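Have a look at the structure below before the remarks.
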Amino acid sequence: MKLIGKMIQLKINDINVTVEQGTTILDAAKKVGVHIPTLCHLNLEDFGVVNKSANCRVCVVEDEDTGKLVPSCAQEVKDGMRIQTDSLKAVMGRRTNLELILSNHPQDCLVCVKNLDCELQDLAHELNIKEIHYQGEKMSHPKDETSFGIIKDTNKCIMCRRCVTMCNDIQTVGVLGPLKRGFDSVVATAFHLDLNQTSCTFCGQCVSVCPTGALTETNDSPKVWRALNDPKKHVIVQVAPAVRAAIGEEFGYEPGNILTGKVVSGLRRLGFDQVFDTNFGADLTIIEEATELVDRITNNKTLPMLTSCCPAWVQFIEHQFPELLDVPSSCKSPHEMVGVLVKTYYAEKNNIDPKDIVMVSIMPCTAKKAEAARGELNKDGLADVDHVLTTRELARMFMEASIDFRKLPDDEFDDLLGESTGAAAIFGTTGGVIEAATRTAYEMITGKELKEVNFKQLRGIEGIREAKVQIGDLELNIGIAHGLGNARKLLEDIRDGKSKFHAIEIMACPGGCIGGGGQPYHHGHTEVLLKRQIALYNLDESMPKRKSHENEMLIKLYDEYLGTPGGHLSHQLLHTTYSPKERI
Amino acid sequence: MRNKILDTSTLDKELLAKLDAFIDSLEGDKQEHLIHVLHKAQELFGYLPQNLQLYIARKLDLPGVRVNGVVSFYSFFNEKPVGKYTISVCMGTACFVKGADKVLERVIELTGANKNEISKDGLFTIKDVRCIGACGLAPVMTINDKVYGKVKPGDVDEIIRHYRSIENES
Ligand code: SF4
Ligand code: SF4
Ligand code: SF4
Ligand code: FES
Ligand code: FES
């Protein structure tokens, strides 16, 4: 039950407003349709993410009674208050504050990755800034381009601290924070270490909320262009489940449009030799993971088993809970599975030297960039996946090639590693992996057909969820967490021997991969993520097959090549190991 | 270990034991006592190198960046070794207007140490600080606890010579 607090009456721009005590002026204004610009403020309510640093002062409004400017995002309403958002004083105040922020900004928008997708730039436009009346000393921090996932360009930082909130409060990784003070103050890593010397998971959640170009993904498209231009290279691409539900947003589609067919034909136009589906890898992951789960349950091995398809989460457990490395499943993530099969199964079938293959993954994720560089994920010295591009990077490549995405025809994935089921489609959302695994585990354990494939009790967006699923005589206890702070709670229970679960699904990003660090920016609008989620469940619903083990090309793969699930070759190719890492 | 500076195993074991004992003796939520712990650590080790900050972070179960944030926020914490004498030149407005920058320049020249650095002979650490509340005496410079007011760049020679000579005698 939600207690209703005292109601407060005030006037905003002479409009009467009544709101609950504790409401900010910003929210009260929203209620009556009055827009106030903001910059540092961020409120992803559905995911419990709120950044309240209130330090940019771009949201100031005038309190008529005191004549003072107050930050509307932080100031709570008071009875009888009279607020003007459009008085000359308020307008000039906001301008001045924004100009001050801009005065030491590099202002190289033309060549910035965030050009036309930057909240600072948008505000400069919205506040009609055509001249900056202040000259600030520019910062001159070195750019950290050493990691495989994220570029940190501190000189573009406006100290809004959204990333600090994400990394500390939501992800509880604690890599980014404020250092020093006054003019020297900066948001950085401890001792200004490079990100890859820290326990950064490369989840990219800091990137997804940074309003400027201070945190962005590494740009790997030049390497992919080079490969595509090299006639000796056989360049293969695969597309992750969550990409198809979001890429349209970069081309003006409403969130929640599934555009698989256009992505496939666009990729062919870019010149990729084969276009495969990471969803095939997702189905394969389910077979291997369900086999492992059944084995762990029936043979009294380590429980709970944790899903391992999210590399940021894997990185998190390695750094934060190095004593628990026997709980995650040993399965590689789906795109790594597809990658290794391309360089073995596909290469052998087509008589191609795997050295000539360049494997590219299109992912919603910055952590997969770092994952692809992991030493464990290679065979005979060849990386399973060579390059990872985010959804945003692919959209930029389409633009660069002047491919009119909206006019692209629908096309289909190439056969060999291209078929998939509805179970794979929902890998992109929190709860999806474990639902897919349950569908398959059910039939594996009982030998009976599963009639109702929708496990609604596993769905939703609450940060931690739990459900019981009856499988024959076994009551399976399932836990789900998304956001690493939530994952931490479940891990602490496991460490303390208090966990009651058989299996737990963990995804690092709020919402799962639909909210990944490489997805089109949501700019604070959580309904975007919810629409992507609904789209994936609808896609699942629309598929003729909805259980991973019914994927025919997959059955063929086991018959022709791998042998049995969890068997020798599967282990060699599809499973991996983890190693303890330091916490910094 | 990817980064030597962060290797906590090179820290002096005896001093660490004392620091541990201090931390263990703290009542209640230890994270709340971060500043105390840092003071104690600086008292024991003389300064707060990165690996020591990291050690404290892990001991108190805090992110390294949080500890580093606090250390770098307060000017009384030193991240680098400090000399026997800390020369702080006030750069507050009043002092600046009266030529504190020239004083600082001279200090740097004479000691051969830059801002926030230690001189080669280990005697002096140089700092520029914000207003220390003695504006009437501007420009102001302090050496450890001793305050020098109305300092002219020319005075610096004599002051430094004084500290050098104490050292030579002992
Ligand atoms: S990528 Fe994730 S873990 Fe790394 S700094 Fe950003 S929010 Fe923190
Ligand atoms: S890096 Fe980006 S999100 Fe973080 S404080 Fe700077 S501008 Fe804000
Ligand atoms: S939840 Fe998905 S997008 Fe986010 S880090 Fe994990 S795998 Fe990447
Ligand atoms: S948006 Fe209110 S202070 Fe930044
Ligand atoms: S400005 Fe130097 S003491 Fe106040």
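What to note about this one:
One line per residue, one yes/no per condition, for (1) within 9 Å of chain B (Cβ to nearest Cβ); (2) within 21 Å of A:His482 (Cα to Cα):
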residue	(1), (2)
A:Phe148	no, no
A:Cys157	no, no
A:Arg162	no, yes
A:Asn168	yes, yes
A:Asp184	yes, no
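- Taking strands (runs of 3 or more DSSP E) as the structural unit, those lying wholly within segment A:1-105 and holding at least 3 residues that are modelled with pLDDT of 95 or more correspond to A:7-12, A:15-20, A:60-63, A:68-71, A:82-84.
- Looking across segment B:19-34 at every residue that is surrounded by fewer than 14 Cβ atoms within 10 Å (Cβ to Cβ) and assigned to a helix (DSSP H, G or I), the one that is nearest to the other protein chains (Cβ to nearest Cβ) is identified as B:Gln31.
- Of the candidates A:Thr218, A:Thr189, the single residue that is within 12 Å of chain B (Cβ to nearest Cβ) and either touching a residue at least 40 places away in the same chain (Cβ under 8 Å) or of a type outside the set (A, V, I, L, M, F, W, C) (or both) is A:Thr189.
- Every pair of residues 6+ apart whose Cβ atoms lie under 7 Å, when the first sits in segment A:64-80 and is away from chain B (no Cβ under 14 Å) while the second is of a type in the set (Ser, Thr, Tyr) and away from ligand 2 (no atom under 16 Å from the Cβ): A:Ser72/A:Thr24; A:Cys73/A:Thr24; A:Ala74/A:Thr24; A:Gln75/A:Thr24; A:Glu76/A:Thr23; A:Glu76/A:Thr24; A:Val77/A:Thr23
- Spans of strands (runs of 3 or more DSSP E) in segment B:79-145 with at least 1 residues within 16 Å of ligand 2 (Cβ to nearest atom): none
- Unmet requirement for B:Asn68, which otherwise passes all of (1) assigned to a loop (DSSP other than H, G, I, E, B); (2) within 14 Å of another protein chain (Cβ to nearest Cβ): (1)
- Any hit, segment A:509-524, residues being more than 12 Å from the chain's Cα centre (by Cα), more than 14 Å from chain B (Cβ to nearest Cβ) and either touching a residue at least 60 places away in the same chain (Cβ under 8 Å) or more than 15 Å from ligand 1 (Cβ to nearest atom) (or both): yes
- Sole exception among (1) aliphatic (A, V, I, L, M); (2) surrounded by 14 or more Cβ atoms within 10 Å (Cβ to Cβ); (3) closer than 22 Å to A:Asp295 by Cα for A:Ile555, by number: (2)
- Residue pairs whose Cβ atoms lie under 9 Å apart, separated by 6 or more positions or on different chains, with the first residue in segment A:567-584 and within 14 Å of another protein chain (Cβ to nearest Cβ) and surrounded by 16 or more Cβ atoms within 10 Å (Cβ to Cβ) and the second β-branched (Val, Ile, Thr) and part of a helix (DSSP H, G or I), are A:Ile584/B:Val65.
- Candidates A:Lys368, A:Lys349, filtered to the one that is basic (Lys, Arg) and either buried (at least 18 other Cβ atoms within 10 Å of the Cβ) or not in a helix (DSSP H, G or I) (or both): A:Lys368
- Residue check for B:Ile5: in contact (Cβ under 8 Å) with a residue 40 or more places away in the chain and either in a helix (DSSP H, G or I) or assigned by TED's automatic domain parsing to the domain that holds B:Asn68 (or both): yes
- Matching residues, segment A:379-400, being at pLDDT 95 or above and exposed (fewer than 13 other Cβ atoms within 10 Å of the Cβ): A:Glu400
- Selection over segment A:520-577 of residues that are part of a helix (DSSP H, G or I), closer than 30 Å to A:Gly48 by Cβ and of a type in the set (Phe, Trp, Tyr) gives a count of 1.
- Matching residues, segment A:192-206, being more than 8 Å from chain B (Cβ to nearest Cβ) and surrounded by fewer than 23 Cβ atoms within 10 Å (Cβ to Cβ): A:His192, A:Asp194, A:Asn196, A:Ser199
- Positions within segment A:57-69 being more than 16 Å from A:Val34 (Cα to Cα) and not small (Gly, Ala, Ser), in sequence order: A:Arg57, A:Glu64, A:Asp65, A:Thr66, A:Lys68, A:Leu69
- Some residue of segment B:150-169 being of a type in the set (S, T, N, Q) and closer than 19 Å to B:Met91 by Cα: no
- A count restricted to segment B:71-105 and to residues that are of a type in the set (Ser, Thr, Tyr), within 30 Å of B:Glu167 (Cα to Cα) and within 14 Å of another protein chain (Cβ to nearest Cβ) stands at 2.
- Checking each residue in segment A:504-519 for being farther than 20 Å from A:Ala395 by Cα and outside any loop (DSSP other than H, G, I, E, B) picks out A:Ile504, A:Glu505, A:Ile506, A:Met507.
- Entirely in segment A:206-290, the strands (runs of 3 or more DSSP E) that have 1 or more residues that are within 16 Å of the chain's Cα centre (by Cα): A:215-217, A:234-239
The values are calculated or read from the model by the stated rules, or taken from the named source; none is laboratory data. Predicted, not measured: the structure shown is a model, and the values here were computed from it. Here Cβ is always computed from backbone atoms with ideal geometry, including for glycine, and neighbour counts include all displayed protein chains.
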